[in-house]
Amino acid sequence: MTEALSEPRGRGGARVARIVLIGAMIIGLGLWAADWMRDAVLYVHETDARIRADMVSVSSRVAGRVIERPIRSGSVVTLGDTLAVIDDRISQTRLDELLAELDRIEAEMSERDAEIAMIDQTTKSRYASEQARLTAAKALVEAVEVEFDYAEREFRRAETLATSGVVSAQRLDRARNDYLTSQKELLRATAQVATAQAMLGEALAARREIDLVASEKETLERRKAEVRARIERQQIDLADRVVVSPLQGVVSRAFVEVGEYIQPGQRIALVHDPRKIYVEANIRETDIRRLALEQSVRLEVDAYPDMLFEGRIEMIGSAATSEFALLPNPNPSGNFTKITQRLPVRIAVDQIDGMLRPGMMVEVFIRIKEDANGTFW
């Protein structure tokens, strides 16, 4: 009798336990559904999000063999730290050749300066002397011309008076001799002027050699400027053989090894600043209207499930991600399947002890704004 009574009591307890369990499951599902509904109404939720950073690809501008690479993936670098050193022996030799050529040109220019100084010194006094001689010869011509004019007038007068018998033949002969003598003196003085002019011309021609040497010096100046430009270019080539970090940050990845021959434009390393990170989420186009700049965002990083991070919307993309596809689909056949597009949204977030690293997966919950009527949008 006791066993018969205890058996239904056991079955009743199991039934109650099942009811309690089912009720707990229903309550749990209800709470989960309520939480899901709350998030769906109050938040824009997206799982397609990653932590990003501006990756700087450091490349070589010159060709050569890598002889040093003091960094590796994960190395901390500061602005100007050496990332790689490329063999510079040939570049240094070319620079030495150009410097030697520059010295040779400067030596030739010094020779031209000395030649100009010598020509100037030897011809200046000669030119001045010949110019003075010409001036004296012209003055003599002027004086002799006066004497010649006087002698000619006296001779003509004596010749006229001798016809009438007023002047004796002796006086006429003396006037004729004075006239002829002064004429010869005038011719001699005129010849001296011509000689002085010729000598002055020679002195001037000798001084014009200065212009010829000066033109040669100008040619050397142009060669010097050309060599200087080549030296600057070679110095740049030499400096480019030490590849340095363009920023303070971390080496994301190194791509070359010591002994490897690299070409211009070949990547040496990827560098990023871990302090300047952000989250990029691809939000459905149907949710974009519910977003605005400076909206607060809750972030859940897969790597740290027990931690919550706060951010804010910094940028909303102006074009869908499909517009940047390498192989866009123009749909020429006419068959069309409508697919919800996504737009990139950039979310600013503060770095915490270097925990957040580029590439980590993130879930974002963007709080939807509420208008004046209390309606969420």
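The values are calculated or read from the model by the stated rules, or taken from the named source; none is laboratory data. Only a predicted model underlies this, so the values are computations on that prediction, with no experimental measurement involved. Only protein heavy atoms, including side chains, enter the accessible area calculation; ligands, DNA and RNA are left aside. Shrake-Rupley method; radii C 1.70, N 1.55, O 1.52, S 1.80 Å.
Miscellaneous remarks
- When you restrict to C-alpha pairs under 8 Å that are six or more residues apart and normalise by the size of segment 282-326, the relative contact order lands at 34 percent.
- Amide H contacts under 5 Å for residue 260: 66, restricted to partners 5 or more places along the chain or on a different chain, H placed in the peptide plane at 1.01 Å from N.
- Computed Rg/Rh of segment 168-311, alpha carbon atoms with Kirkwood Rh: 1.72
- Listed by chain and number, the aspartates and glutamates whose alpha-carbon sits under 16 Å from that of residue 224, ignoring those within fewer than 8 places in the same chain, are 96, 97, 101, 103, 106, 108, 111, 113, 216, 232.
- Gained length - residue 320 relative to residue 55, 0.36 nm times residue gap less alpha-carbon distance: 93.2 nm
- Portion, in percent, of the accessible area of segment 229-324 that falls on carbon or sulfur, probe 1.4 Å: 49 percent
- Segment 210-347: relative contact order as a whole-number percent, Cα under 8 Å and 6+ apart: 22 percent
- Rg/Rh (Cα only; Kirkwood hydrodynamic radius) as it applies to segment 226-320: 1.19
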